[in-house]
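To start, I am sharing the structure in question, which I have written as structure tokens.
Please treat every number below as a calculation from the coordinates, not as lab data. Predicted model, so just to flag it, every value in this text is computed and none were measured. Positions of Cβ are backbone-derived with ideal geometry, glycine not excepted, and every protein chain shown enters the neighbour counts.
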Amino acid sequence: MDRPIGAAVIGTGFIGVVHVDALRRLGVDVVGVLGSTAERGRERAAEAGLPPAYGSLDELLADDRVDVVHVTSPNDRHVEHAAAVIAAGKHVLCEKPLAVDSAGARSLLDAARAAGVVHCVNFNQRFYPQAQEMAARVRDGSVGDVRLISGSYLQDWLLHDTDWNWRLDDAIGGPLRAVGDIGSHWMDLASFVSGLRIEAVMADLATVHPVRHAPAGPVETFAAASGETVPHEIRTEDVANVLLRFAGGARGAMTVSQVSPGRKNRLWIEVDGAHDALAWCNEAPDDLWIGHRGRASELSQRDPGLLSPLAQRSTWHPGGHAEGFPDTFRALYRAVYADVAAGGPSDHPDYPTFADGLAQALVGDAVLASAASGAWADVAPV
């Protein structure tokens, strides 16, 4: 390619702005964005310092400067938007969930493979350096056979019945909310760190607010609603507890909640092996706890010189200089754009692909089946 790689972002909300920022930090030329409407796109571009807004999806796809499209639109539009990007012959990166059901996710995986384009799902939690370090320590055998994976992902931004976001409308967000929105991050991370596929689940889902009071106007993600409201029936979960069975016999337990006071965005994961244990929390992202039986346990701080080669690829700054959420996007996109520069997906991508997005959609199917039946449900293979 005799020009810089060009990208465009569909969606101008909170996460769309994060994508633009990460791409700019990586040096990618972000040539335009697409809002929910042409007018909304222009407004958000001006407010948030985004690139110029396209008037339509067709205009974006016809732009020869665009090689990669990031899909950050609401969940129910992911299949439509990503499929159009693939049909236009452009590489595609899609926010999670890849689709609101496994059929949609599978259709996108099949289309991307047939087209030979680079495809990625934005499971950025993998790209914290200490999350990569956990995976490296499991892979090198120092942890021993994995026996238990446990943890939680807790938020409080939907604590009150007046808190509102489009994700609460199951026609837009899909039939799973807390599990689909943040639980998918945790379960993808659990499988990535352990190298084990989730084979079966037992799920208990709870809706704390069966009726919420939605504002008459739009509300940005994580922003408080105000003004006139209307009642809206809620059919998705605020809280979920999920027991997990992994390939090879390991067991797991995950709690997710979007109604936990004071927990803004706390992901915690622990992996217990036959020799050592590892624990990490994204609110203290530079610290990795390493548990031992016959000697003192350790708290290892991120230091590029001491990290495994796998983790070194996701770190940017010297030890003592905190890295966090925005840096994970940059690390993920560096891996993805290496394949874009090469012209297509590598044989073994070191980033989450649409296959990983489908894997989480299939886990979601099993979570819904288990919650409905009150019994264990098997997860279909990809």
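What net charge do the residues around GLY6 carry, taking every other residue with its C-beta under 9 Å from that of GLY6, with Lys and Arg at +1 and Asp and Glu at -1?
Net local charge, GLY6 excluded: -2.
Here's a follow-up. List the residues whose amide H sits under 5 Å from the amide H of CYS94, counting only those 5 or more places along or on another chain, with H placed 1.01 Å from N in the peptide plane.
VAL71, CYS120, VAL121, ASN122
Once phi is turned into θ = phi - 60°, what whole-Hz ³J(HN,Hα) does the Karplus curve with 6.51, -1.76 and 1.60 give for every residue of the stretch 89-104, x standing for Gly and Pro?
Karplus values, whole Hz, x for Gly and Pro: x, 9, 5, 9, 10, 10, 5, 7, x, 4, 7, 7, 8, 5, 5, x.
Are there chymotrypsin sites (Phe, Trp or Tyr not before Pro) in the stretch 134-206 that DSSP marks as loop and that have at most 14 other Cβ atoms within 10 Å, and which are they?
The qualifying sites: there are none.
Can you work out the Karplus-derived ³J(HN,Hα) for every residue in the stretch 68-81? Use 6.51 cos²θ - 1.76 cosθ + 1.60 with θ = phi - 60°, whole Hz, and x for glycine or proline.
10, 10, 9, 9, 10, 6, x, 3, 6, 9, 4, 5, 4, 6
Hey, got a sec? Which trypsin sites (Lys or Arg not before Pro) in the stretch 292-329 land in a DSSP loop and have at most 16 other Cβ atoms within 10 Å?
Passing both the DSSP loop test and the Cβ count: ARG293, ARG295, ARG313.
Right, another one. From the phi of every residue in the stretch 10-15, what ³J(HN,Hα) in whole Hz does the Karplus formula 6.51 cos²θ - 1.76 cosθ + 1.60 yield, where θ is phi - 60° and glycine or proline is x?
Here the 3J(HN,Hα) series is 8, x, 10, x, 3, 6 Hz.
How long are the semi-axes of the equivalent ellipsoid of the stretch 121-227, defined as square roots of 5 times the Cα gyration tensor eigenvalues? Whole Å, largest first.
For the stretch 121-227, the semi-axes come out at 34, 15, 11 Å.
So, one more: Could you tell me what % of all Cα pairs in the chain have separations over 32 Å?
Of all Cα-Cα pairs in the chain, 32 percent lie more than 32 Å apart.
Expressed in whole Å with the largest first, what are the equivalent ellipsoid semi-axes of the stretch 106-180 derived from the C-alpha gyration tensor as the square root of 5 times each eigenvalue?
Gyration-tensor ellipsoid for the stretch 106-180: 30, 24, 11 Å.
Using the Cβ atoms and a cut-off under 12 Å, what net charge is assigned to the surroundings of GLY324, where Lys and Arg are +1 and Asp and Glu are -1?
Around GLY324, the charge tally is -2.
While we're on this one: Could you list which residues have their amide H under 5 Å from that of VAL208, counting only those 5 or more apart in sequence or on another chain, with H placed in the peptide plane?
Long-range HN contacts for VAL208: ASP238, VAL239.
In terms of modelled amide H atoms, which long-range or inter-chain residues lie less than 5 Å from the amide H of ALA200?
ARG245, VAL379
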